[in-house]
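Remarks on the structure that follows.
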Amino acid sequence: MDIILFGPPGAGKGTQAKRLTGALNLPQISTGDMMRAERASGSDLGKQFDDYMSKGLLVPDELVLALFGKRLAQPDAAKGAILDGFPRTVAQAEALDTLLESLGRRIDTVVSMEVSLDEMIERVVLRRTCEGCGQIYHLRYNPPPSQGACGKCGGKLVQRADDTEEVVRKRYEEYLTKTAPILEHYRKKGVVKSVDGLGGLDEVEGRIKASIAPPPPDQT
Ligand code: AP5
């Protein structure tokens, strides 16, 4: 089963993808997380990613597709994946369709998580992420048990460099012009489910689970 968690910055895609991995027994594939890891490694590719990410701009399709293709080919994604932050353009969505088709798969559900711009900004500027395990916190809505340390692994909590209000507004602009049109691409296939992204984490998780179509018999 292949699922896309879709939505603007701060919609809760990463938070919910992490929660769903256990329940669905599928890996989370987050192109944003992969790019941040590459950037942290100090590689030339990571520096290229940073040129775009720090400005709130989308990374060019050819770089993203190479990164994603390698990840999808890993054994843990053989039966499907929860895609978080990918695809981000219609060209990426079309390339994904072709890739999945070659594997005898298709996108089963696109969960479109809806939140307002004010909510997005508030969520993103108060987000903290664990450097060690990637656990996501919010200083008000989902605070860590002790300030500055991850409740899961004890790792250091950091603020993402692109989590300023100015950069979030740019990311949202990119979302509206380049990413939102993907929904039409998937609506034509009848796989889009809209979910209210406001509410407690358990509440939103329940809505997402209820919206996910059961997998076809040959993809269990
Ligand atoms: P990426 O890392 O994908 O960021 P994003 O899509 O902008 O989404 P975020 O990670 O900001 O938010 P989220 O929806 O995951 O929310 P979260 O769960 O953390 O991309 C970053 C950059 O990388 C892009 O700008 C681009 O440059 C590049 N990039 C990545 N993929 C690309 C691609 N495919 N093509 C081109 N470029 C690409 O939650 C946010 C906060 O809210 C947290 O603090 C959380 O605790 C809190 N929260 C979550 N749910 C709730 C709730 N229900 N109530 C209250 N608070 C909540």
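The values are calculated or read from the model by the stated rules, or taken from the named source; none is laboratory data. All values derive from a computational prediction rather than experimental measurement. Glycine also receives a Cβ, built like all others from the backbone with ideal geometry; neighbour counts cover every protein chain displayed.
Residue-by-condition table, conditions (1) at pLDDT 95 or above; (2) within 13 Å of the ligand (Cβ to nearest atom); (3) surrounded by 21 or more Cβ atoms within 10 Å (Cβ to Cβ):
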{"site": "Phe6", "(1), (2), (3)": "yes, yes, yes"}
{"site": "Gly22", "(1), (2), (3)": "no, no, no"}
{"site": "Asn25", "(1), (2), (3)": "yes, no, no"}
{"site": "Ser30", "(1), (2), (3)": "yes, yes, yes"}
{"site": "Glu38", "(1), (2), (3)": "yes, yes, no"}
{"site": "Gln48", "(1), (2), (3)": "yes, yes, no"}
{"site": "Tyr52", "(1), (2), (3)": "yes, yes, no"}
{"site": "Lys55", "(1), (2), (3)": "yes, yes, no"}
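Filter the stretch 136-177 down to the residues that are on the phi > 0 side of the Ramachandran plot and in contact (Cβ under 8 Å) with a residue 12 or more places away in the chain and list them by number. Within the stretch 136-177, Gly154 is the sole residue that qualifies. If you take the residues in the stretch 64-95 that are assigned to a helix (DSSP H, G or I) and under 14 Å from Asp33 (Cα atoms), which one is farthest from the ligand (Cβ to nearest atom)? Selected residue: Arg71.
Filter the stretch 145-166 down to residues that are in contact with a helix residue (DSSP H, G or I) (Cβ under 9 Å, 6 or more places away or on another chain) and surrounded by 14 or more Cβ atoms within 10 Å (Cβ to Cβ), then give me how many there are.
5
Residues in the stretch 187-199 that are within 17 Å of the chain's Cα centre (by Cα) and away from the ligand (no atom under 11 Å from the Cβ) were compared, and the one that is surrounded by the most Cβ atoms within 10 Å (Cβ to Cβ) is Val192. Remark: pairs (first residue in the stretch 47-63, part of a helix (DSSP H, G or I); second residue more than 8 Å from the ligand (Cβ to nearest atom) and of a type outside the set (D, E, K, R); Cβ separation under 6 Å; 6+ apart in sequence or on different chains) = Asp61/Ala91. Residues in the stretch 1-55 that are of a type in the set (Asp, Glu) and within 23 Å of Gly197 (Cβ to Cβ): Asp2, Asp33.
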